[in-house]
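Written out below as structure tokens is the structure these notes cover.
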Amino acid sequence: MSAPVEIPHRMLSPQEAATILGTDVNALRRWARRGAFPGTVYSSRVRQYDWADVERVRGELALINEGFEWLKKILHPRYDGDLSCLSTPEVADLFKVGYRTAARWVQENLLPYYRGAPLAVVSESCRIPRAYCEGLLVFAEDRRIHWNLVVAYRDRCAEQKTIA
């Protein structure tokens, strides 16, 4: 009787893993330092990532915040790890509001976002879909973006189940 043959997991380079996750190698290093996504280190300090772990983290990064699940269905055909997203500072610049205001809108679930790091990383980093932000600008019709307008746009989009 022969010993069972262990099937090796498919291993990915840091660049391959970063590309699949829509990030860069430096982010993978930060996550590894925090113990959130360490990969496997071989001799000569070469780090590789198991395909299954990359897919798990990709799923975590694809989770959209509560109340915006309907949006995922709209954006899903475009989402392959390369969804065009903005950071909170970019959203603040786009809407001509302060960073704290934009961050508060994210925390209050007024803006949709995807996580910017694995769940094990306590992070304020998030990725806000550009298409939603551009829709809000159109909805605003040259009015100043403020809390009530953001709420009205969110509610209208949720009711119509589309970016209005």
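Taken together, the values in this text are just the output of simple stated rules run on the coordinates, not laboratory data. All values derive from a computational prediction rather than experimental measurement. Every residue, glycine among them, receives a Cβ derived from its backbone with ideal geometry; neighbour counts consider all protein chains shown.
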Discussion item. Test of understanding: ordering Val91, Val151 by Cβ neighbours within 10 Å, fewest first, what list do you get?
Written reply: Val151, Val91
Item to complete: Have a look at Ala131, Tyr114, Val91 and report the one farthest towards the positive end of the charge dipole of the chain, computed about the Cα centre with Cβ charges (Lys/Arg +1, Asp/Glu -1).
Response: Val91
Discussion item. Given axes a ≥ b ≥ c from the Cα gyration tensor, I'd like to know whether the stretch 11-58 is rounded (a/c under 1.5), prolate (a/b larger than b/c) or oblate.
Written reply: rounded
Worksheet item: Which value in Å is the Kirkwood Rh of the stretch 64-160 over different Cα pairs?
Response: 13.7 Å
Fill in: Lys, Arg +1 and Asp, Glu -1 on Cβ, resulting dipole of the stretch 64-160 about Cα centre, debye, nearest 20
100 debye
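Work the Kirkwood hydrodynamic radius out for the chain: mean of 1/r over every pair of different alpha-carbon atoms, inverted, in Å.
This gives a value of 17.5 Å.
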Worksheet item: What's the exposure ranking of Arg34, Arg10, going from fewest to most Cβ atoms within 10 Å?
Response: Arg10, Arg34
Worksheet item: Put +1 on the Cβ of every Lys and Arg and -1 on every Asp and Glu Cβ in the chain; which of Trp70, Ile163, Tyr42 then has its Cα farthest towards the positive end of the dipole?
Response: Tyr42
